[in-house]
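Below is one structure, written out as structure tokens; comments come after it.
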Amino acid sequence: MTENPAPDGGLTEEERDVLERIDREGIDFLRLQFTDILGTVKNVSVPADQAEKAFTEGIYFDGSSIEGFVRIQESDMRLKPDASTFAVLPWRDTSARLICDVIDTSTGEPFEGDPRAVLKNALERAEEMGYEVNAAPEPEFFLFEEDEEGRATTKTNDAGGYFDVAPKDLASDVRRDIIYGLEEMGFDIEASHHEVAEGQHEINFEYDDALSTADNVATFRTVVRAIAAQHDLHATFMPKPIPKINGSGMHTHISLFADGENAFHDEDDEFDLSETAKQFTAGILEHAPALAAVTNPTVNSYKRLVPGYEAPVYVAWSDRNRSALIRKPAARVPASSRIEARFPDPSCNPYLAFAVLIHAGLDGVEKGLDCPDPIRENIYEFDEQKREEYGIETLPTNLGEAVDALEDDETIYEALGPHVGPKFVEAKNAEFAEYLVDVSDWELDRYLEKF
């Protein structure tokens, strides 16, 4: 994505507007935010009077202290704020945040280890093919009570279920405050509701370009946690915090636009999907095992991806049921034709997850991949023989298998770039190796006294 610098090398008009707003709204501090390769939001706080310097010179920091960035001998990095991301923090009305791009000080170019840069590279590829990418996620989360010392428990604060209302849904006030906070920061909220599991919730925000949407996901998780804490609750985006109930997903809606028109829509098609949309879908299905390492990046992610809890594990698509990896939602108007990838979860780095989904889909378009027929039956009810008959494969069953699939998939591995790819694989292999040698409470309960 190309930038539009000021003609004189100074401030852009958008940056000047931000400086005026900082002065007008009495902002005292700016939080300059970015993410590490695992998706953890990092920030450095600077006095508001440093805003102009931040725009013109950047703010320097030690990149060797950030997960997956650089070695100690090459540690100087620079944050370049994106003026379009300015937003006042709802819980601190004299502080605002700016999301930043990370610049490699040795070259003056965007740092190839910055997840935001990885997504920008994916969007550049789409742009070269004549497309703009829009996305809308549905991140789910749990609200848990805290103990007397303020630490998180796994005790839910309500016994509500899907679409329940008070008194069963005791968190409606919390969701309301979260929505108010998000709207103050410029979010367009589409809907919110209680999810299937006790203590589980969902807040949906409207479609936007993929970069803004990834920024919004990172912000969303921060806002949800902060406002939940004001209610003495702990919000978690852990995919499966409680066994034997539904986990949290982040169903992600994607579409391509070309020349202002939805390239995914075809009114003459049975499913209102264009050939481009079907090829894009075929690309995601083709690369699904490798994608899982990025869209479902934790050991815990694979506790959610099991049959029977509404999480998709079968590599197929459908226009009806939710047991498939990809669903084609009903579209009220041509502009809303899209596909819904149902397997990502909210523990992912949104920049990397969107980037690999886009690359996978574009690979399908470039290669003209054939999309298989939709599966309209409930795949959960298929036995192994019937799945083989339909040619339906499954996602990896654990993080180790997913990382192996990522390393074996040249398209998706290279989509992460020469820096993030190896660093991501290294971090995830270490996580899985640590998990393999750990002894869980389940094992102790089952075996300690038995043997």
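The values are calculated or read from the model by the stated rules, or taken from the named source; none is laboratory data. Keep in mind it's a predicted model, so treat the numbers as computed, not measured. Methodologically, a virtual Cβ is constructed for each residue, glycine included, from the backbone with ideal geometry; neighbour enumeration extends over all protein chains shown. Heavy atoms of the whole protein, side chains included, go into the accessibility calculation; ligands, DNA and RNA do not. Shrake-Rupley method; radii C 1.70, N 1.55, O 1.52, S 1.80 Å.
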Fill in the blank from the handout: So the helices (runs of 4 or more DSSP H) completely within the range 373-427 holding 1 or more residues that are in contact with a His (Cβ under 7 Å, 6 or more places away or on another chain) are 410-415
Practice task
Could you look through the range 153-177, keep only residues that are open to solvent by 70 Å² or more (accessible area, probe 1.4 Å) and part of a helix (DSSP H, G or I), and pick out the one that is modelled with the highest pLDDT?
Solution key: 176
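Rundown of residues vs (1) open to solvent by 20 Å² or more (accessible area, probe 1.4 Å); (2) within 27 Å of residue 117 (Cβ to Cβ); (3) at pLDDT 90 or above; (4) not in a strand (DSSP E or B), yes/no style:
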position: 179; (1), (2), (3), (4): yes, no, no, yes
position: 186; (1), (2), (3), (4): yes, yes, no, yes
position: 190; (1), (2), (3), (4): yes, no, no, no
position: 198; (1), (2), (3), (4): yes, no, no, yes
position: 216; (1), (2), (3), (4): yes, yes, yes, yes
position: 242; (1), (2), (3), (4): yes, no, yes, yes
position: 253; (1), (2), (3), (4): no, yes, yes, no
position: 257; (1), (2), (3), (4): yes, yes, yes, no
position: 270; (1), (2), (3), (4): yes, no, no, yes
Completion exercise
Of those in the range 307-366 that are within 21 Å of residue 119 (Cβ to Cβ) and acidic (Asp, Glu), the residue farthest from the chain's Cα centre (by Cα) is 366
Exercise for the section: Starting from residues that are among the small types (Gly, Ala, Ser) and under 16 Å from the mean Cα position of the chain (by Cα), keep the ones in the range 214-250 and report whichever is farthest from residue 31 (Cα to Cα). Expected result: 247
Fill in the blank from the handout: Every listed condition ((1) at pLDDT 90 or above; (2) open to solvent by less than 60 Å² (accessible area, probe 1.4 Å)) holds for residue 52 save (2)
Handout entry: Subset of the range 431-451 [small (Gly, Ala, Ser) and modelled with pLDDT of 95 or more]
Key = 433
Fill in the blank from the handout: Only one of (1) farther than 29 Å from residue 213 by Cβ; (2) open to solvent by less than 70 Å² (accessible area, probe 1.4 Å); (3) touching a residue at least 60 places away in the same chain (Cβ under 8 Å) does not apply to residue 362, and that is (1)
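Residue-by-condition table, conditions (1) surrounded by fewer than 19 Cβ atoms within 10 Å (Cβ to Cβ); (2) polar (S, T, N, Q); (3) in a strand (DSSP E or B):
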| position | (1), (2), (3) |
| --- | --- |
| 93 | yes, no, no |
| 103 | no, no, yes |
| 113 | no, no, no |
| 133 | no, no, yes |
| 136 | no, no, yes |
Practice task
Could you list all residues from the range 221-232 that are under 30 Å from residue 398 (Cα atoms) and surrounded by fewer than 23 Cβ atoms within 10 Å (Cβ to Cβ)?
Solution key: 221, 222, 225
Exercise for the section: Among residues belonging to the range 72-85 that are open to solvent by 20 Å² or more (accessible area, probe 1.4 Å) and closer than 22 Å to residue 350 by Cα, point out the one that is modelled with the lowest pLDDT. Expected result: 78
Practice task
State whether the residues of the range 293-301 include one that is open to solvent by less than 10 Å² (accessible area, probe 1.4 Å), among the hydrophobic types (A, V, I, L, M, F, W, C) and within 19 Å of residue 398 (Cβ to Cβ).
Solution key: yes
Exercise for the section: Please work out if residue 69 is modelled with pLDDT of 90 or more and surrounded by 20 or more Cβ atoms within 10 Å (Cβ to Cβ). Expected result: no
